[in-house]
Ligand SMILES: *Cc1c(COP(=O)(O)O)cnc(C)c1O
C-alpha cells in the first residue's frame, strides 16, 4: 500500500514513512492510493474474529490491509499490546450500550484519559516506540493542547523509549480534572509547560518552533496532531466493531452519529464506509462551532476567525476549521488533487471560504457518501443530559450529548440501528454535568483524589525563546 498527498505531490510513500510525519511536503494530507475492499466473506470472518479472538485481532486484520512495511507478527504483537482489557476497562474494548428504540451508544472512552482519543493514541505510542527503535532514532513531540489531545498523547507516550513529550497548555484554563490528569504524570519523558496565555498562544509557539527548520531538525521535533494517518486508521477499527456488535447479518445496515470537531473521528467512518462496511449514514454532530454542519447543509465551507470561535461546554469540538476535512473533500471531488489544492491551498487562505453549492458533486456528499449533519447548543446539551438521566439513568458527557441530540433528529428507518459514538466520560466535564443534573457525575475509582497528587508542571511566559531553551536543556 502506498500513500499520496491530497494536493497532488508526485511522491508515493509507505506507511512507516508517513507515520512520523505531519503534512505532506506540498501541505496536503496523506491518504491511501485506494481503499481496500472488504467482501462479504471477509466481513463474516471478521465477525468471528471480533467475537472469538477480540478487538486486538480485528485491529490487526484491518491494519494489515494498510501497513505492509511492518512484519505481520510484529504488527499483531503491537495490536495485542495496545488493546487490552487492563488499558480499556473491558474485554470488548468498545462495548455497545442500548439507549432507547433504535439508538445505541458505542463506548470509546474507557481508556487511560477517558476520551476516545486514547483509541488511536495508545496504538500510536506503541508504533512510534517500535519504529524509532528500528531506525535507532529519537523524537521530541512538541504540541499544544486545551485538554483531551495533550493528555491522550502523554498517557500514550509515557515511559516509551526514544520519545519525549513537551506539551504546552494555557495556564489555569483546563478543567481541574484535566490538569490533574496531565500534571500528575511523573515520567521522566513527559514535560508539561503551562503557558501564561490562551490556547492560541500555545499554538503560536508550536508554529514558531516548527517554522524554525534548523531547530526542528537538530532537536527532532515532531507532532501527534489529528491529521496523522495512523491515528485515523486506528479509528477505522471501532466502526467495524460497532457494526459487528449491532448486527447479525451483513445484509443489515447501521448509521453512526459522530460528535465532531476536526473531522478526524468521522473521517475514519468515511474510510470504513469506502471499504464496504454497510453504513447507511454518517451524521456529523457539531456544537455552536458549526463549520461542518454549515457545509453539509449549504455547500459553503467557511473557516471562522478567533473572534467567531465560541468557547462552549463541549470544548473539544471548539474549532475554527476542521483540519481533516480536506481528506473527504478530495474524495468528494473524485480525487481531483489540482482542485483540492486550489480550494485548500489557495482559496481558503485568500478568501477564508469556498462554495461547492452549485457543483453537482456536492449533492453526492449525502447521496453517495451518506453524510448528514446537525448542530447542538448549550441548552440542547443540558436538556439531553437531563433527559437521558431521567429516562434511562444514563449520564452522558457534553460532547456525546451533542451527538445524541442530533442522532434523535436524524434517526432513519427503525431497522437501521443508529450508533452514537461516546467520545468522553462525563467526569471530564463535571461542571456542566452538575449544571444539568444538580450533582457531580460518577468518578471511576482509579481517578479518586487525583487533584491532590503532586504536580509536575513548569509555568512559562508565551515566549518562543523560553520554550526553545527549555527543550534544549531537556535533550541530552
Ligand atoms: C477530539 C474530541 C472530539 C472531536 O473529534 P474530531 O476527531 O476532532 O472530530 C469530540 N469529543 C471529544 C470528547 C474529543 O476529545
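Results, tabulated for the structure shown:
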| read-out | value |
| --- | --- |
| Enumeration of residues in the range 28-40 that are surrounded by fewer than 16 Cβ atoms within 10 Å (Cβ to Cβ) and assigned to a loop (DSSP other than H, G, I, E, B) | 33, 34, 36, 37, 39 |
| Residues of the range 420-441 classified as out of contact with any helix residue (DSSP H, G or I) (no Cβ under 7 Å at 6 or more places or on another chain) and in contact (Cβ under 8 Å) with a residue 24 or more places away in the chain, total | 2 |
| Any pair with Cβ under 8 angstrom, 6 or more apart, that starts in the range 259-271 at a residue that is in contact (Cβ under 8 Å) with a residue 24 or more places away in the chain and at positive phi and ends at one that is part of a helix (DSSP H, G or I) and more than 6 Å from the ligand (Cβ to nearest atom) | 263/292; 263/325; 263/327; 263/328 |
| Helices (runs of 4 or more DSSP H) contained in the range 328-444 and holding at least 2 residues within 16 Å of the ligand (Cβ to nearest atom) | 378-392, 398-410, 430-437 |
| Test: residue 266 is buried (at least 24 other Cβ atoms within 10 Å of the Cβ), within 16 Å of the ligand (Cβ to nearest atom) and part of a helix (DSSP H, G or I) | yes |
| The lone exception for residue 249 - which of (1) away from the ligand (no atom under 14 Å from the Cβ); (2) at pLDDT 95 or above; (3) under 21 Å from the mean Cα position of the chain (by Cα) it fails | (3) |
| Within the range 158-181, considering residues that are in contact (Cβ under 8 Å) with a residue 40 or more places away in the chain and not in a strand (DSSP E or B), the one surrounded by the most Cβ atoms within 10 Å (Cβ to Cβ) | 181 |
| Close pairs from the range 442-471: first farther than 17 Å from residue 203 by Cβ, partner surrounded by fewer than 15 Cβ atoms within 10 Å (Cβ to Cβ), Cβ under 6 Å, at least 6 apart | 451/176; 456/186 |
| Criterion: assigned to a helix (DSSP H, G or I), within 17 Å of the chain's Cα centre (by Cα) and either touching a residue at least 60 places away in the same chain (Cβ under 8 Å) or more than 10 Å from the ligand (Cβ to nearest atom) (or both) - qualifying residue of 231, 297 | 231 |
| Count of the range 62-85 residues which are within 21 Å of the chain's Cα centre (by Cα), surrounded by 19 or more Cβ atoms within 10 Å (Cβ to Cβ) and part of a helix (DSSP H, G or I) | 5 |
| Selection count where residues are modelled with pLDDT of 90 or more and surrounded by 15 or more Cβ atoms within 10 Å (Cβ to Cβ), scope the range 213-224 | 5 |
| Test for residue 291: is it within 13 Å of the ligand (Cβ to nearest atom), without any contact (Cβ under 8 Å) to a residue 60 or more places away in the chain and buried (at least 22 other Cβ atoms within 10 Å of the Cβ) | yes |
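Here's the yes/no breakdown for (1) within 16 Å of the ligand (Cβ to nearest atom); (2) under 24 Å from residue 83 (Cβ atoms):
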{"residue": "134", "(1), (2)": "no, yes"}
{"residue": "138", "(1), (2)": "no, no"}
{"residue": "144", "(1), (2)": "yes, no"}
{"residue": "158", "(1), (2)": "no, yes"}
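The values are calculated or read from the model by the stated rules, or taken from the named source; none is laboratory data. Keep in mind that what you see is a predicted model, and the values were worked out from it rather than measured. In this analysis, Cβ positions are derived from the backbone assuming ideal geometry, glycine residues included, and neighbour counts consider all displayed protein chains.
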